[in-house]
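Input: a single structure, listed below in structure tokens.
The values are calculated or read from the model by the stated rules, or taken from the named source; none is laboratory data. Everything quoted here is computed from the prediction, not taken from an experiment. Please note: Cβ atoms are built from the backbone with ideal geometry, for glycine as well, and neighbour counts cover all protein chains shown. Heads up: the accessible areas ignore ligands, DNA and RNA and are worked out on the full protein's heavy atoms, side chains in. Shrake-Rupley method; radii C 1.70, N 1.55, O 1.52, S 1.80 Å.
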Amino acid sequence: MRSISIFGATGSIGENTVDLIARAPGAYRVVALTGGRNVARLAQQAIALRAELAVTAHDDCLPALREALAGTGIETAAGPQAIAEAAERPADWTMSAIVGAAGLVPSLRTVERGGTLALANKESLVCAGPLLMETARANAATILPVDSEHSAVFQALAGEPVSAVELVTITASGGAFRDWPMERLASATVAEASTHPNFAMGQRITIDSATMFNKAMEVIEAREFFGLDPAQIDVVIQREQIIHALVAFQDGAVMAHLGQPDMRHAIGYALHWPERAPLPVARLDLRKLTSLSFSVPDETRYPALRLARDVMAAGGLAGAAFNAAKESALDHFIAGRIGFMDMAGLVEQVLDRISRDCGLGNAPDSLEKVLQMDDLARQTADEIVRARAGQG
Ligand code: NAD
Ligand code: MG
């Protein structure tokens, strides 16, 4: 029986993973499930899947988790250290679906023990791509992409060497404000930014879709995972999100991956890889498809895409700084301290300041270095926002 663990089980990707596992009773032994403050849901999942261990990220949630699981025999634990230890427990297949840089440690621990990592947490690759990939290589671990675009590229590439690739195009929805006039964007609210035209996802990635910080992260993710040159990665808006990615080869052939937008496809593909198994996703019916439209994203509307190229050119720890500054900018936007269009400006300021003061060029070859840069970028973002508020 295959053993599995799910990090971020109570989130959007986590729930979709739990859904697939629950449909195959008896097929999996569930080692660990982790969540945040929603301990009632975490406990439900742990009972339904007969998990051996349930971990909440928050120490103050442990009593409630213990109570909810009393008498079940399911172990409980809390805090980042307990999450790291849960990732050290052997499991054949591990889903990394925590949101943010907090997902890096479980991703790393999984590949350190040579496990198969289903990677939804793109932050792991943006912050520490070379470290994660090298650690996986050194321990003969397998990483399978779960981000839909990267799963699509992975599938389009099956059996083909990356050296035969000319261009990879990942698609974007354009996010909540794709049809808004530019002048309205500055006053966009958190609630308005938290709706997605095609996908139901966590709030943070939904807002990141409206700014296209999500796509900017995905460009970096594609570079790190597939080892592509930045010039080989393009972004196109595909409103219907039926085409998830296209791979153009040196001989002029283009392989596209099509399907209804449903994350259970990419999760299920990673779960059953290298085989394909039936999945409970809606089928694509071309007769019902009224249009398939493409447009080039405007970088004044989506400055995050330009920043992604700067980050790739800078290399080193720029990805860690970029991700942390972006997470911080998002926190400040959600808290109402900065406007929607200020997020990219803040990230750019953080990168400029750190690059000027101490440089971004050190290789992300240890977790400590990555976490230090993460800290510095968050502090720098906070200082800039505080200074601005002081002036205002
Ligand atoms: P979500 O917000 O719905 O869920 C996040 C999960 O992480 C929850 O279980 C939450 O409790 C947990 N969590 C949050 N902060 C934590 C912390 N500091 N420590 C430990 N656990 C913490 O997020 P999501 O939309 O499921 O996204 C998860 C990851 O997958 C992100 O990296 C995202 O970019 C990526 N992803 C998501 C989608 C999607 O469709 N939702 C698609 C592609 C990639
Ligand atoms: Mg994606």
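Here ARG283 fulfils each of the conditions (1) open to solvent by 50 Å² or more (accessible area, probe 1.4 Å); (2) in a helix (DSSP H, G or I); (3) basic (Lys, Arg) apart from (2).
Counting only residues that are free of Cβ contacts under 8 Å to residues at least 60 places away in the same chain and under 21 Å from VAL111 (Cα atoms), which one in the range 349-370 is least open to solvent (accessible area, probe 1.4 Å)? Step by step, filter the range 349-370, then rank; the result is LYS369. For PHE199, work out the one condition from (1) surrounded by fewer than 20 Cβ atoms within 10 Å (Cβ to Cβ); (2) under 16 Å from the mean Cα position of the chain (by Cα); (3) more than 11 Å from ligand 2 (Cβ to nearest atom) it doesn't fulfil. Answer for PHE199: the failing condition is (3).
Of all the criteria given as (1) out of contact with any His (no Cβ under 7 Å at 6 or more places or on another chain); (2) open to solvent by less than 20 Å² (accessible area, probe 1.4 Å); (3) in a strand (DSSP E or B), the one not satisfied by VAL126 is (3). Taking the criterion of being away from ligand 1 (no atom under 15 Å from the Cβ), in the same structural domain as VAL236 (by TED's automatic domain parsing) and among the hydrophobic types (A, V, I, L, M, F, W, C), the residues of the range 134-163 that qualify are ALA156, LEU157, ALA158, VAL162. Could you figure out which of (1) in a helix (DSSP H, G or I); (2) away from ligand 2 (no atom under 11 Å from the Cβ); (3) open to solvent by less than 60 Å² (accessible area, probe 1.4 Å) isn't true of GLU183? GLU183 satisfies every listed condition except (3). Annotation note: Cβ proximity below 8 Å between a residue of the range 269-290 that is free of Cβ contacts under 8 Å to residues at least 40 places away in the same chain and a residue that is polar (S, T, N, Q) and not in a helix (DSSP H, G or I) (sequence gap 6+ or interchain) occurs for VAL281/GLN260; ALA282/GLN260; ARG283/GLN260. Would you check if PHE177 is in a loop (DSSP other than H, G, I, E, B) and within 13 Å of ligand 1 (Cβ to nearest atom)? Considered against the rule, which asks whether it is in a loop (DSSP other than H, G, I, E, B) and within 13 Å of ligand 1 (Cβ to nearest atom), PHE177 comes out as no. Candidates are the residues of the range 62-75 that are of a type outside the set (D, E, K, R) and under 14 Å from ASN38 (Cα atoms); the one that is surrounded by the fewest Cβ atoms within 10 Å (Cβ to Cβ) is PRO63.
Of all the numbered requirements in (1) open to solvent by 50 Å² or more (accessible area, probe 1.4 Å); (2) over 11 Å from the mean Cα position of the chain (by Cα); (3) near ligand 1 (Cβ under 10 Å from one of its atoms), VAL99 misses one, and that requirement is (2).
Is it true that ILE83 is open to solvent by less than 70 Å² (accessible area, probe 1.4 Å), within 23 Å of GLY115 (Cβ to Cβ), away from ligand 2 (no atom under 16 Å from the Cβ) and assigned to a helix (DSSP H, G or I)?
In short, yes.
With LEU42, LEU62, LEU53 as the choices, which residue is touching an Asp or Glu at 6+ places or on another chain (Cβ under 9 Å) and within 15 Å of ligand 1 (Cβ to nearest atom)?
LEU53
Going by what's in this entry, would PHE322 be described as closer than 16 Å to VAL153 by Cβ and assigned to a helix (DSSP H, G or I)? For PHE322, the condition - closer than 16 Å to VAL153 by Cβ and assigned to a helix (DSSP H, G or I) - is not met.
For the range 180-215, residues that are small (Gly, Ala, Ser), more than 20 Å from PHE322 (Cβ to Cβ) and within 16 Å of ligand 1 (Cβ to nearest atom) total 2. Residues of the range 257-270 that are assigned to a strand (DSSP E or B) and either closer than 19 Å to ILE205 by Cβ or open to solvent by 50 Å² or more (accessible area, probe 1.4 Å) (or both): LEU258 alone. Among the numbered conditions (1) closer than 30 Å to ILE242 by Cβ; (2) polar (S, T, N, Q); (3) touching a Ser or Thr at 6+ places or on another chain (Cβ under 9 Å), the only one that SER295 does not meet is (3). Considered as a group, the residues in the range 121-157 that are among the hydroxyl-bearing types (Ser, Thr, Tyr) and more than 13 Å from ligand 2 (Cβ to nearest atom) include one that is nearest to ASP375 (Cα to Cα), and that residue is SER124.
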